[in-house]
Amino acid sequence: MFHVEATAGKARAGWAETSRGRILTPCFMPVGTRGVVKSMSAEDMGRVGAQVLLANTYHLMLRPGADVVAEMGGLHGFTGWEGHFLTDSGGYQVMSLPCSVDDDGVTFRSSYDGLLQRLTPESAVVVQEALGADIQMVLDVCTELPAGRDALLQAGERTLAWARRAREVHSRPDQLLFGIVQGGAELDLRSEYAEALVDIGFDGYGIGGLSVGEEPGEMLAAVDAAVRRLPPDCPRYLMGVGDPAAIIAGIGLGVDMFDCVLPTRLGRHGTALTSAGRLPVKAGRFARDASPIDPTCKCAVCGRHSRAYLRHLLNVGEPSGGRLVSFHNLAWLADLVGRARRAVLDGTFGELSAEVARTWGQDLPVVEQADLPVVAQADLPVVEQAEPLR
């Protein structure tokens, strides 16, 4: 299920096994909410180095419908993507969209036609089985932070009960099922719910309900509290986090998988991720700049287009401008995570962590090679929130 090739403190390099093949970790998963990463093609995803795409159960069950996707050969046949698919259960929409939550499930109005819809732990599994994802997530209750302990307890207990129900009805052996650890910023709850999920038994474990309003140090401490209770032979997935500094910190705590809309959202608005930090490509100072977005980047965009050209496209509202910067951002982030994997394998992860902290101007802890973070309390800048469509 999960094989560890090497460790550097708590950071690890390995691979997760699915019925489709191996996923090398650590890895970053681009978000394709409706079965496509905005403005990108399946071919683009292969070129940027993606291994897994994340699609959203809530949106696909409404449009075009899980039955349509199933008839078209599942997500892979429908979209033409030959890599892995992970489907989020719709738990994020429990937080971000108007809905009514009870012990049995969630009732909401479709954001497309306003009709009432119902999602339960069981139906979320059935829909994801029809979609044909390689990895599916249990339905959970994601709570915006900060939140009171009573609210976190209610959300956590419901998530745990729903996880048991999802486990009972999951029937496709070719699909992995991941549980989700909730608990907000309460470290004891994170530990307790992680242990309870392990007792149920899942193929992997998501750490959810973070990057939703908490302080950065609280986020890392919550991640650490959960990871400490998760088994070493299963993949660990930090949900909705895509800031480069937070990803490297998460890897240092033992996380294997990440997803977020951040790189493509920034790209569509003209901000590039680079080895020197964020680059506002639309800025006037790049009007006659013949250099690529990032001279150290080997992606197709940096190999062909100048900052001046990309700035022009963005400033005249040409959609290909945002697409090209998004392409670069995904390729750059995939390369960063690939560098983290290689750094764990060759014993230089501490140096990479320090480099990212310096480059991005973040107060990440500079980890020593022999003693990577245990309970990280670094004062990281707030990780930007995901768009409503995750």
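Observations on the model:
- The loop-placed trypsin sites (Lys or Arg not before Pro) in the stretch 262-344, going by DSSP, that have at most 11 neighbouring Cβ atoms within 10 Å of their Cβ come out as ARG288, LYS298.
- Sorted largest first, the principal axis extents computed over the alpha-carbon atoms of the stretch 261-363 equal 46, 25, 22 Å.
- For the stretch 56-152, the spherically averaged projection of the C-alpha convex hull amounts to 6.7 nm².
- The chain - share of DSSP beta bridges that are antiparallel (%, nearest 5): 50 percent
- 222 nm mean residue ellipticity, helices alone, for the chain (DSSP H n ≥ 4; -39,500 (n - 2.57); rounded to 500): -12000 deg cm²/dmol
- 5 angstrom amide H check on ILE207, placed H, neighbours 5+ away: VAL181, TYR237, LEU238, MET239
- Cysteines of the chain lacking any other cysteine Cβ under 4.7 Å from their own Cβ: CYS27, CYS99, CYS142, CYS234, CYS260, CYS299.
- Amide H contacts of ASP140 (H built 1.01 Å from N, in plane; Pro and chain starts excluded): GLY91 sit under 5 Å, all sequence-distant by 5 or more or on other chains.
- Spatially proximal lysines relative to LYS38 (Cα-Cα < 30 Å; intrachain offsets below 8 disregarded): LYS282, LYS298
- Working ranking of peptides 17-24, 60-67 by packing, defined as the average number of other Cβ atoms within 10 Å per residue, highest first, is 60-67, 17-24.
- Amide H to amide H distances under 5 Å link ASP294 with no residue, where only residues 5 or more positions off or on other chains count and H is placed in the peptide plane.
- Pairwise label distance in nanometres, SER275 with SER39, each label 7 Å out on the Cα-Cβ vector: 2.5 nm
- FRET efficiency, 1/(1 + (r/R0)^6) with R0 51 Å, evaluated for ASP113 and THR359 via beta carbons: 0.65
- Once the Cα-Cα distance is subtracted from the 0.36 nm per residue extended length, the ARG285 to THR348 segment shows a gain of 19.1 nm.
- Over the chain, the alpha carbon radius of gyration divided by the compact-protein estimate 2.2 N^0.38 Å works out to 0.95.
Laboratory data are not the source of any read-out in this text; all were calculated from the coordinates shown. What you are looking at is a predicted structure, and each value in this text was computed from that prediction instead of being measured. Glycine also receives a Cβ, built like all others from the backbone with ideal geometry; neighbour counts cover every protein chain displayed.
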